[in-house]
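The values are calculated or read from the model by the stated rules, or taken from the named source; none is laboratory data. Here the structure is a predicted model, which is why all the values come from computation and not from measurement. When we count neighbours, we look across all protein chains shown, and the Cβ atoms used for this are built from the backbone with ideal geometry, even at glycine.
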Amino acid sequence: MATNGDVSLQLANELVLTLPSFDRWTSSIWDSETPFGRVGHRQVQILYRLRYPIYMNGLPATASSLAELFSVRKSVVTRWLAGLEARGFIERVDVPDDRRSHLIELTESGHAVSVYIEEIFVEEMKQSIGFMSRESMEQLLEVMPLLNQISTNLEYARKERVTGDSRVSNA
């Protein structure tokens with residue numbers, strides 16, 4: 001009989017080996033041609049976060065908050081936003097009590113391109129799980145909250161490793 005440690009090691013290995021293929025798949029869709037032109041990986045992520053504010057972790061959509069979410073410098077996000085703004089996918093709105101800050105808002109075109117790409121994701125994922133029984137799909141659906149928690153824990157671990165800040169914790 002396997003101990004809990006053996007099972008956790010086996011599961012950790014399986015996840016480490018499997019999850020990178022999901023990243024390759026999502027990256028290939030995000031950086032592809034659409035009816036709206038070519039949209040880069042990070043640009044799609046920004047549009048998605050603007051469409052689903054829950055993924056902004058309670059922060060207002062600003063260049064600074066996006067830089068924090070993506071763990072990059074504000075100047076990098078500013079370049080990504082400039083590209084989105086030039087294409088009419090976002091607009092910057094002045095913050096009344098802070099002339100240096102701008103809220104980032106999704107335009108109708110930005111919403112449309114984000115929906116278009118999400119529909120590609122969903123359709124390909126739906127096709128890829130088509131071999132599964134309904135019972136297997138329901139079981140996988142039940143463990144999705146656990147996978148989301150693993151993702152959150154990994155993000156905390158990544159931030160701690162990158163910043164060296166041991167105050168970052170798994171909330």
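Any residue in segment 133-149 that is within 30 Å of Ser8 (Cβ to Cβ) and basic (Lys, Arg)?
Step one: filter segment 133-149 for residues within 30 Å of Ser8 (Cβ to Cβ), giving 133-149.
Subsequent filtering for residues that are basic (Lys, Arg) retains 134.
Yes, there is a match, as at least one residue in segment 133-149 is within 30 Å of Ser8 (Cβ to Cβ) and basic (Lys, Arg).
Pull up segment 135-171, narrow it to residues that are assigned to a loop (DSSP other than H, G, I, E, B) and of a type in the set (Ser, Thr, Tyr), then point me to the one that is surrounded by the most Cβ atoms within 10 Å (Cβ to Cβ).
Ser169
Here's the yes/no breakdown for (1) over 19 Å from the mean Cα position of the chain (by Cα); (2) surrounded by fewer than 15 Cβ atoms within 10 Å (Cβ to Cβ):
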{"position": "Leu11", "(1), (2)": "yes, yes"}
{"position": "Leu15", "(1), (2)": "no, yes"}
{"position": "Ser32", "(1), (2)": "no, yes"}
{"position": "Arg49", "(1), (2)": "no, no"}
{"position": "Tyr52", "(1), (2)": "no, yes"}
{"position": "Arg73", "(1), (2)": "no, yes"}
{"position": "Ala82", "(1), (2)": "yes, yes"}
{"position": "Glu85", "(1), (2)": "yes, no"}
{"position": "Val93", "(1), (2)": "yes, yes"}
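If Met132 satisfies every condition in (1) free of Cβ contacts under 8 Å to residues at least 12 places away in the same chain; (2) assigned to a helix (DSSP H, G or I); (3) under 28 Å from Leu19 (Cβ atoms) but one, which is the exception?
Among (1) free of Cβ contacts under 8 Å to residues at least 12 places away in the same chain; (2) assigned to a helix (DSSP H, G or I); (3) under 28 Å from Leu19 (Cβ atoms), Met132 violates only (2).
Would you mention how many residues in segment 27-76 are part of a helix (DSSP H, G or I), under 17 Å from Thr107 (Cα atoms) and free of Cβ contacts under 8 Å to residues at least 24 places away in the same chain?
Of the residues in segment 27-76, 2 are part of a helix (DSSP H, G or I), under 17 Å from Thr107 (Cα atoms) and free of Cβ contacts under 8 Å to residues at least 24 places away in the same chain.
Just to be sure, is Leu84 in contact with a strand residue (DSSP E or B) (Cβ under 6 Å, 6 or more places away or on another chain) and either outside the structural domain of Gln43 (by TED's automatic domain parsing) or part of a helix (DSSP H, G or I) (or both)?
On the way: in contact with a strand residue (DSSP E or B) (Cβ under 6 Å, 6 or more places away or on another chain): yes; either outside the structural domain of Gln43 (by TED's automatic domain parsing) or part of a helix (DSSP H, G or I) (or both): yes.
When the stated conditions are applied, Leu84 passes them.
May I ask you to list the residues in segment 123-134 that are surrounded by 10 or more Cβ atoms within 10 Å (Cβ to Cβ) and of a type in the set (S, T, N, Q)?
Taking segment 123-134 first, the residues surrounded by 10 or more Cβ atoms within 10 Å (Cβ to Cβ) are 123-125, 128-129, 132.
Correct list: Ser128 only.
Give just the number: which of (1) in contact (Cβ under 8 Å) with a residue 24 or more places away in the chain; (2) in a strand (DSSP E or B); (3) surrounded by 14 or more Cβ atoms within 10 Å (Cβ to Cβ) does Glu105 not satisfy?
Only one criterion in (1) in contact (Cβ under 8 Å) with a residue 24 or more places away in the chain; (2) in a strand (DSSP E or B); (3) surrounded by 14 or more Cβ atoms within 10 Å (Cβ to Cβ) is unmet by Glu105, namely (3).
Residues in segment 117-124: is at least one in the same structural domain as Pro35 (by TED's automatic domain parsing), over 16 Å from the mean Cα position of the chain (by Cα), modelled with pLDDT under 95 and in a loop (DSSP other than H, G, I, E, B)?
no
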